[in-house]
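These notes concern the structure reproduced below.
The values are calculated or read from the model by the stated rules, or taken from the named source; none is laboratory data. If you're wondering where the values come from, they're calculated on a predicted model, not measured in any experiment. For neighbour counting, all protein chains shown are included, and Cβ atoms are generated from backbone atoms with ideal geometry for every residue, glycine included. All accessible areas refer to the heavy atoms of the entire protein, side chains included, with ligands and DNA or RNA removed. Shrake-Rupley method; radii C 1.70, N 1.55, O 1.52, S 1.80 Å.
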Amino acid sequence: MNQAITAASSRAATDAVAVRLSGVRKAFGSGDTALLALDDVSLQVAPGEFVCLLGASGCGKSTLLNLVAALDEPTAGSIDTGGARIALMFQEPALFPWLTVTGNIELALRQRGVPKAERRRRAAELLASVHLSGFEKKRPHQLSGGMRQRVALARALALTVPDESHDDGKGTVLLMDEPFGALDAMTRDLLHDEIERIWRERALTVLFVTHNVREAVRLGDRVVLLSSRPGRVVEEFPVTLERPRRIDSPEVASLAATITDRLREEVSRHGS
Amino acid sequence: MALETHKSPDLDRQLAGLDALELATGTRRSPLARAWSALWPMLTAVAIALTAWELVVLSGWKEPWVLPGPRDVLPEFWNVVSEGDFWAAVGLTMRRALVGFAVAIVIGVVIGSLVSQSRILRRAFGSLITGLQTMPSIAWFPLAILLFKLSESAILFVVVLGAAPSIANGLITGVDYTPPILLRVGKVMGLRGLGLYRHLIIPAALPSFVAGLKQGWAFAWRSLMAGELLVIINNTQSVGTLLHYSRELSDTPRMISVMIVILIIGILIDQLFGLADRTLRNRWGLRTETG
């Protein structure tokens, strides 16, 4: 626990915040039929922090990410990302089937304002960083599920590239919505190593939604437990286990068990 | 930014191994084998059709000069296709078809993109367009002849009305069924306005648009044949007039030969659209594993 306190206080000392949610509330519809997805969610994510959002169905995890990505507006409260470059990744790779692998990434680079002459080279770099060199000319359907998800990761990273001419000093926030949920366990474990490495190398701030407790403990600096209908922050668990972690290590399992118990307690409130 | 600093070689190898295992290696057949496997069912079907036809003739159901068999018609078919006049007639018909189809594409695309823009327009015109699509084109001819007399315009009018609704509908369906997840990705990427259309909606609508073109062609071709039989313009030779005059002269072998030509043109063009459709589906990975 001591470690946790040190980590928390050193973070507070820098006092930098990459993502700040204050009293965020989101309702869909209006009147009696309105569905309250999020209620009074306050959360601060430090730059370079890896935060896992954990919750059962209906906790508004995806809604939360949509709000941070500015795809949707909160009903009340505020969200501040300090103008960070934001990328979002989903459970499905959602690649454009009419483009090649490199075409998908080059389109994202184009949207980031990267000049045409540089796009191919930078797409190749991004593909190399997800171990997909040599697959540039393939089409998404020719790749396996895990490979497609890595292309999606490279595309998300493409949206966060800084301009080479000048570093604007703005942060980079990667939002991930159960990105490995549809993959087999073996592929998923390898991608955990992969995302951890990329997170470190690029000093990304990551907000990672999952319903898999072990995955959350494996990856997160902090696990934030959300309640369901409406989503509220129930409890936060700092994860101080040394990296790199293994998803099947006893330490991960033990903390995951604690969090699972808390999650079950939360879920059982809805049964009665 | 220092990237690629500490890549673990182990992870490299493991991922590469998994990738290699997961990429299924499809076996490729030779082009000759593929062509043959597409051809023999077709040839068999033709043989069965010819046999059935011959059997009907042999049964004596109709007099042989009313319904001649393939043995009388096929030599006449060769005579017909070796005439210069015949090819001039086919040329005029194909020119009408292509001009009509091109005009229908322009009109279909304009209407389709306008209507797909807004939900209200879609509600207002969607069922009207579908209604026009199901309306038999021959029902337009009385009006066309009143409006344009017996002229090229009358034929063009009906061909365009036959094809344009299908083309518009194909486009509207394609835009409507752009996968929502891709739209979300586009939004995250910051695609909006024209860029959204250029990079996302138009490519996403392409397969459905091609299907609309294919259907539009079928309607255009039918309308054209009806038009050439009904709107006989003096001093012109088209496939329709060939059919018309061979009936007038009770030259049944010639009439059936022209019908076979119409059938063959229809099949050839359908094959072209099929090819475009298959190429698109293969590239997108939408292929259904048949054939």
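If you go through segment B:171-181 one residue at a time, how many are surrounded by fewer than 19 Cβ atoms within 10 Å (Cβ to Cβ) and among the hydrophobic types (A, V, I, L, M, F, W, C)?
Counting residues in segment B:171-181 that are surrounded by fewer than 19 Cβ atoms within 10 Å (Cβ to Cβ) and among the hydrophobic types (A, V, I, L, M, F, W, C) gives 1.
Within the group A:T172, A:T102, A:T160, which residue is of a type in the set (S, T, Y) and at pLDDT 90 or above?
On the way: A:T172 fails: at pLDDT 90 or above; A:T160 fails: at pLDDT 90 or above.
Residue meeting the stated conditions: A:T102.
Taking interchain pairs and intrachain pairs at least six residues apart, which have beta carbon atoms under 6 angstrom, with the first residue in segment A:175-202 and at positive phi and the second among the hydrophobic types (A, V, I, L, M, F, W, C)?
So the pair list comes out as A:E178/A:V209.
Counting only residues that are among the polar types (S, T, N, Q) and either free of Cβ contacts under 8 Å to residues at least 12 places away in the same chain or surrounded by fewer than 17 Cβ atoms within 10 Å (Cβ to Cβ) (or both), which one in segment B:104-135 is nearest to B:G162 (Cα to Cα)?
Checked segment B:104-135; the qualifying residue nearest to B:G162 (Cα to Cα) is B:T134.
When the residues of segment B:105-160 are filtered to those that are part of a loop (DSSP other than H, G, I, E, B) and of a type outside the set (S, T, N, Q), which remaining residue is nearest to B:L224 (Cα to Cα)?
Here the residue is B:P136.
Identify all residues within segment B:171-190 that are outside any helix (DSSP H, G or I) and of a type in the set (S, T, Y); write none if there are none.
B:Y177, B:T178
Name the residues in segment B:152-168 that are open to solvent by 30 Å² or more (accessible area, probe 1.4 Å) and of a type outside the set (D, E), would you?
B:S153, B:L156, B:F157, B:L161, listed by residue number.
Test of understanding: among A:G29, A:G58, which residue is open to solvent by 50 Å² or more (accessible area, probe 1.4 Å), over 25 Å from A:G145 (Cβ atoms), at pLDDT below 85 and touching a strand residue (DSSP E or B) at 6+ places or on another chain (Cβ under 9 Å)?
A:G29
Find the residue count for segment A:175-195, including only residues that are more than 10 Å from chain B (Cβ to nearest Cβ), touching a Lys or Arg at 6+ places or on another chain (Cβ under 8 Å) and farther than 21 Å from A:A69 by Cβ.
So the answer is 1.
Would you confirm, using the coordinates I've provided, whether A:C52 is part of a loop (DSSP other than H, G, I, E, B), of a type outside the set (S, T, N, Q) and surrounded by 23 or more Cβ atoms within 10 Å (Cβ to Cβ)? I'd like the intermediate steps shown before the answer.
Working: part of a loop (DSSP other than H, G, I, E, B): no; of a type outside the set (S, T, N, Q): yes; surrounded by 23 or more Cβ atoms within 10 Å (Cβ to Cβ): yes.
In short, no.
Restricting attention to segment B:83-103, which residues are open to solvent by 60 Å² or more (accessible area, probe 1.4 Å) and either under 24 Å from B:A168 (Cα atoms) or of a type in the set (A, V, I, L, M, F, W, C) (or both)?
B:W87, B:A88, B:R95, B:L98, B:V99
I need the strands (runs of 3 or more DSSP E) fully contained in segment A:193-272, keeping only those with at least 1 residues that are open to solvent by 60 Å² or more (accessible area, probe 1.4 Å).
The qualifying strands (runs of 3 or more DSSP E) are A:233-238.
Could you tell me which numbered condition B:L194 fails, if it satisfies all but one of (1) touching a Leu at 6+ places or on another chain (Cβ under 7 Å); (2) within 14 Å of chain A (Cβ to nearest Cβ)?
B:L194 satisfies every listed condition except (1).
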